[in-house]
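The values are calculated or read from the model by the stated rules, or taken from the named source; none is laboratory data. Everything numeric here is computed off the predicted structure, so don't read it as measured data. Cβ coordinates were reconstructed from backbone atoms using ideal geometry, including for glycine residues, and neighbour counts include every protein chain displayed. Protein only, heavy atoms only, side chains kept; ligands, DNA and RNA dropped before computing areas. Shrake-Rupley method; radii C 1.70, N 1.55, O 1.52, S 1.80 Å.
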Amino acid sequence: MGSAYTPGLTVSSDIVVRRTRRLPIKGEVLVNTGDAVTPETVVARALLPGVLQTIKLAERLSIEASDVKSMFQLKIGDPIHKGQIIAETKGFLGMGKQKVESEFAGIVDAISEVSGHILIREPSLPVEINAYMKGAIAEIMPGEGAVVETRGAMVQGIFGVGGERLGEIRVAVASEADVLGIECITADDKGKILVGGSGVTAAAIKKASELGVKGLVVGGIKDSDLTQFLGYEIGVAITGNENITLTIIVTEGFGFLEMAARTFNLFKDFEGQTASINGATQIRAGVIRPEIIIPHQRAGATQAANKGVFELKAGTPIRVIREPYFGLLGTVTELPATLVTLESGTEVRVLRAKLNDGRDVTVPRANVEIVAGS
């Protein structure tokens, strides 16, 4: 029987997780290797240069560009305030004076005698990167950031929206088959991450957002409900930067799909624990999966699922990540060695699998991911 290797989706109760926390520009790292950190700990900080603004001084004073430097009352590097008088003409016999006030605050960046413009650099914008999850600093990247390491449970979803958030896990339904409706959400859920079963209703998403729920984790979600919540159709680019108040992660696919029992039971086991959640997803090159990380110190850690690749062989549990079986779970039954020609004319390697609904299917190996866990 043949075998192969493919990226996997992790569903693990005990795994070592590392996350790189990197600044967008060079800055200052504020932690040291070995430091204990909480999700809110700031590990690195930088200052983004402020926006460069233009004051067309020659035009506003009706003077030659070459005269701007002599008329301007400040010099390069001087601080400037909004409303501050920066230039003034003498007028004729003290009459007809013209004054120019700055529309911006910041620092004088340049004075051009060619264009007659004054360039003002607005104040720098501070950028901070936090640790995201409870753990310890495993590695320092001087001037850039740090690597945070933790041991705990982790579930990777198949799709998500919304960025990094923190909250206490509450399983809001009785079973993995139940839909999370508005009746499952209470005012006490503010700040929590709610776990549903096969899906979540549009009304429940709206209520959760209004109450301040931090995250929703469910088996599936209807396309139309997600579009209604976001206000637009989601594209194929990376998600995670949506302007929404909570993070949503689906573990199985689109539509109402029963959450895998192993995943649901894992959340039940860690109910009441604080988790870090991130809905960022990228399906194509440079795959990014949405995740829920629950730090803990239970015995029996395993790092098997932390290696990034897993063996694909008969008996391996998989999830299909392309249509027409998108989101469905199954088990590999055979890995044919010969290439198969698709309708497009492309020759690919395929696998045969038995889906959890009983169907026997043949799909390209690239269309599945291993559901790895411990």
Phi-derived 3J(HN,Hα) across the range 73-85 with the Karplus relation (6.51, -1.76, 1.60, θ = phi - 60°), rounded Hz, x for Gly and Pro, is 8, 10, 10, 4, x, 6, x, 9, 10, 5, x, 6, 6
If you plug each phi of the range 339-348 into the Karplus form 6.51 cos²θ - 1.76 cosθ + 1.60 with θ = phi - 60°, what whole-Hz ³J(HN,Hα) values come out, in order, with x for Gly and Pro?
-> 6, 10, 8, 7, 4, 6, x, 6, 9, 9
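Under unit Cβ charges (Lys, Arg +1; Asp, Glu -1), what dipole magnitude, rounded to 20 debye, does the chain have relative to its Cα centre?
For the chain, the charge dipole is close to 440 debye.
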Would you kindly state how much longer the chain becomes between Glu139 and Thr20 on full extension, computed as 0.36 nm times their sequence separation minus their alpha carbon distance, in nm to one decimal?
-> 41.9 nm
Euclidean distance between Cα centres, the range 204-272 to the range 329-366, Å = 29
Residue-normalised value, i.e. accessible area per residue, for the chain at 1.4 Å probe, in Å², stands at 49
Most positive-pole-ward Cα, Val108, Pro39, Ser62, against dipole of the range 10-108 from beta carbon charges = Ser62
Is it possible to state the helix-based mean residue ellipticity at 222 nm for the chain, with each DSSP H run of 4+ residues giving -39500 (n - 2.57), the sum divided by total residues, to the nearest 500 deg cm²/dmol? What is it?
-> -2500 deg cm²/dmol
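Once fully extended, how much extra length lies between Thr38 and Lys354, figured as 0.36 nm per residue of separation less the alpha-carbon to alpha-carbon distance?
Working: separation 316, 0.36 × 316 = 113.76 nm, distance 4.28 nm.
Using 0.36 nm per residue and subtracting the Cα-Cα distance, I get 109.5 nm.
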Full extension from Val361 to Gln228: what is 0.36 nm times the residue separation minus their Cα-Cα distance, to one decimal in nm?
-> 44.5 nm
Taking the convex hull of Cα positions in the range 155-233, its mean projected area over all directions (nm²) | 5.0
Quick one: net charge around Gly116, please, counting Lys, Arg +1 and Asp, Glu -1 for every other residue with C-beta under 11 Å from its C-beta.
-> -1
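From the cross-link list Lys56/Lys97; Lys134/Lys206; Lys268/Lys313, which pairs have alpha carbons spaced over 24 Å apart? Provide the component values of the computation, followed by the final result.
Values: Lys56/Lys97 18 Å; Lys134/Lys206 29 Å; Lys268/Lys313 30 Å.
As for pairs spanning more than 24 Å Cα to Cα, those are Lys134/Lys206; Lys268/Lys313.
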Using bins 10 angstrom wide from zero, how does P(r) for the range 63-160 break down, in % of all Cα pairs?
-> 12, 27, 17, 11, 14, 12, 6, 2, 0
As straight-line cross-link partners of Lys75, the qualifying aspartates and glutamates (C-alpha separation under 18 Å, not fewer than 8 residues apart within one chain) are Asp67, Glu88, Glu101, Glu103, Asp109, Glu113, Glu122
FRET efficiency, Lys56 to Lys90 (Cβ-Cβ, R0 30 Å, nearest 0.05) = 0.90
How big is the Kirkwood radius of the chain, worked out from every pair of different alpha carbons and given in Å to one decimal?
-> 24.2
Summarise the accessible area of the chain (1.4 Å probe, protein heavy atoms) by the percent that is carbon and sulfur.
-> 51
Could you pull out the chymotrypsin sites (Phe, Trp or Tyr not before Pro) across the range 172-256 that fall in loop regions by DSSP (anything but H, G, I, E, B) with no more than 12 other Cβ atoms inside 10 Å?
-> Tyr232
